[in-house]
Amino acid sequence: MTQGAIRVGLPASAKGSVPLLVGGFVVAFMVMILIPVWFLLGAVGAGAGHVHGGAKISQEWFVSKINAQQQKYGLPDGSVRIPPGNKVTVTMPDGLVVPASTSKVYIMMRQFSFTPSTVRLQFGGLYDLLFFSPDVFHGASLIQDGSLNAVVMPNMTSKLTVRVTKLGEIQILCNEYCGLGHHLMMGKIIVE
């Protein structure tokens, strides 16, 4: 080797992994392309003919619940103040008994917002948070000294039963990538 020459290349031990690395990138790229194509074809998302884990509901029904909630509990700033409910139990079709609340909080998730964006709950209260998406997959993540998560599939409700035990703000974030404005999707629960 001449003085000043720099040798560029992979060490012999890494050359065998190059095809695996290239193959991995190709597969990842194909999956990235397939998801929007499936959505456009109606295989996933709000246009899909199937649902997972529960009954399909209409956007109109859920919007009527949000409107009734806003009319009954709405405040001038656009937030809602929901009174706490009583604890009840619900027996699922498979026999599993799960806790529930008589106080329902309806929250719609759509690209790229929550409706209502601010919910006020009473400290110590028990609530069923019902999330709905009319458009794409979302993830509801409640963040306050840890997190509680739920997957929200199009045209279905996802429920989180919570007892709020700490004063202050609980951030609501979407934790499933839902498009270019995903990072802007934020709401909050204020525990009073």
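The values are calculated or read from the model by the stated rules, or taken from the named source; none is laboratory data. In this text, all values refer to a predicted model and were calculated from it rather than measured experimentally. FYI the Cβ positions are ideal-geometry reconstructions off the backbone, even for glycines, and counts take in every protein chain you see.
Selection of first residues in segment 170-192 that are crowded, with 16+ Cβ neighbours inside 10 Å and of second residues that are assigned to a loop (DSSP other than H, G, I, E, B) and of a type in the set (D, E), restricted to Cβ pairs under 8 Å at least 6 apart or on distinct chains, gives the following pairs, ordered by first then second residue: C178/D135.
Within the bounds of segment 178-192, is there any residue that is under 23 Å from V98 (Cβ atoms) and either touching a helix residue (DSSP H, G or I) at 6+ places or on another chain (Cβ under 6 Å) or part of a loop (DSSP other than H, G, I, E, B) (or both)? No.
What are the residues in segment 114-129 that are touching a residue at least 60 places away in the same chain (Cβ under 8 Å) and either small (G, A, S) or surrounded by fewer than 20 Cβ atoms within 10 Å (Cβ to Cβ) (or both), if any? Scanning segment 114-129 gives S117, T118, R120, Q122, F123.
Can you go through G95, G78 and tell me which one is without any contact (Cβ under 8 Å) to a residue 12 or more places away in the chain and in the same structural domain as C178 (by TED's automatic domain parsing)? Matching residue, one of G95, G78: G95. Annotation: F132 fulfils all but one of (1) in a strand (DSSP E or B); (2) out of contact with any helix residue (DSSP H, G or I) (no Cβ under 6 Å at 6 or more places or on another chain); the unmet one is (2).
Among the residues in segment 90-107, are any at pLDDT 90 or above and in contact with a Ser or Thr (Cβ under 9 Å, 6 or more places away or on another chain)? For segment 90-107, residues at pLDDT 90 or above and in contact with a Ser or Thr (Cβ under 9 Å, 6 or more places away or on another chain): present. Could you figure out which of (1) within 13 Å of L173 (Cα to Cα); (2) at pLDDT 85 or above; (3) surrounded by fewer than 17 Cβ atoms within 10 Å (Cβ to Cβ) isn't true of S147? Of (1) within 13 Å of L173 (Cα to Cα); (2) at pLDDT 85 or above; (3) surrounded by fewer than 17 Cβ atoms within 10 Å (Cβ to Cβ), only one is false for S147: (2). Applying the criterion of being over 16 Å from the mean Cα position of the chain (by Cα) and assigned to a strand (DSSP E or B) to the residues of segment 119-129, the residue that is farthest from Q171 (Cα to Cα) is L126.
Selection of segment 82-103 for residues being in a strand (DSSP E or B) and surrounded by fewer than 16 Cβ atoms within 10 Å (Cβ to Cβ) yields K87, V88, T89, V90, T91, V97, V98, P99. Does any residue of segment 63-79 turn out to be surrounded by 13 or more Cβ atoms within 10 Å (Cβ to Cβ), modelled with pLDDT under 90 and outside any loop (DSSP other than H, G, I, E, B)? No, segment 63-79 has no match at all.
Of the residues in segment 118-125, at least one is under 17 Å from Q69 (Cβ atoms) and of a type in the set (S, T, Y).
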